[in-house]
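The values are calculated or read from the model by the stated rules, or taken from the named source; none is laboratory data. Values in this document were obtained by computation on a predicted structure and should not be read as measured data. Reconstructed Cβ throughout: ideal geometry from the backbone, glycine too, with neighbour counts over all protein chains shown.
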Amino acid sequence: MIPKPDLLIQAKQLEPCALAEIYDLYSPRLYRYAFRLLGDDCTAEDCVAETFSRFLQALQKGRGPRDYLQAYLFRTAHNFIVDHYRHQKPESILDDDIPDGENTEENASLSIRQYQVRVALLELIEDQGQVIALKYLEGWENEEIALVLNKPVGAVKSLQHRALAHLQKLLLDDEA
């Protein structure tokens, strides 16, 4: 779903209908992105709420995105996620909420692997991590990612290549 061209103009004028439409359009995608990187429902919801709060504050101050609303919102969400991990104290990898049953060992193994991937993504240079998350978790095209990062498509491809190589090294080191 592509937003109407005048939607951002209306949002800058703080029109409630435009702001509601932007929220309805982007909140599910931002939630999915945040949940995949954070692995927690409540924190992902906090990320979406904080993303829109920051967006609204920027609009109220006469700032915010000029052209690329989606890029602006995803960059804001990504900044929240990075800040979250920077301020988070080390916690247990496994929750007490792992379901009982035959697959407990499989569930534990999957939880550990998902945690390792999230940690590895955060160990990448910020732009590399965002390229991987948007490309492989959200299914974005390189041109869309280039808008978010404000870089040429060739630079996105290069970031992607380096990020995948670094991720492979990080994840293989974890297995050793």
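Of the residues making up segment 145-156, those that are surrounded by 15 or more Cβ atoms within 10 Å (Cβ to Cβ), modelled with pLDDT of 90 or more and of a type outside the set (Val, Ile, Thr) are Ala146, Lys151, Ala155. Assess whether Leu30 counts as being out of contact with any Pro (no Cβ under 9 Å at 6 or more places or on another chain), crowded, with 18+ Cβ neighbours inside 10 Å, under 14 Å from Leu73 (Cβ atoms) and not acidic (Asp, Glu). So Leu30 fits the description; yes.
Scanning segment 60-74 for residues that are buried (at least 18 other Cβ atoms within 10 Å of the Cβ) and not in a loop (DSSP other than H, G, I, E, B) yields Leu69, Gln70, Ala71, Tyr72, Leu73, Phe74. For first residues located in segment 1-14 and surrounded by 15 or more Cβ atoms within 10 Å (Cβ to Cβ), partners that are at pLDDT below 90 and part of a loop (DSSP other than H, G, I, E, B) and lie 6+ apart or on another chain with Cβ distances below 6 Å do not occur. Would you check if Asp67 is within 22 Å of Trp140 (Cβ to Cβ) and modelled with pLDDT under 90? Yes. Scanning segment 10-37 for residues that are among the hydrophobic types (A, V, I, L, M, F, W, C) and touching an Asp or Glu at 6+ places or on another chain (Cβ under 9 Å) yields Ala11, Ala18, Ala34, Phe35. A residue that is surrounded by 15 or more Cβ atoms within 10 Å (Cβ to Cβ), out of contact with any strand residue (DSSP E or B) (no Cβ under 6 Å at 6 or more places or on another chain) and touching a residue at least 24 places away in the same chain (Cβ under 8 Å) occurs nowhere in segment 100-114.
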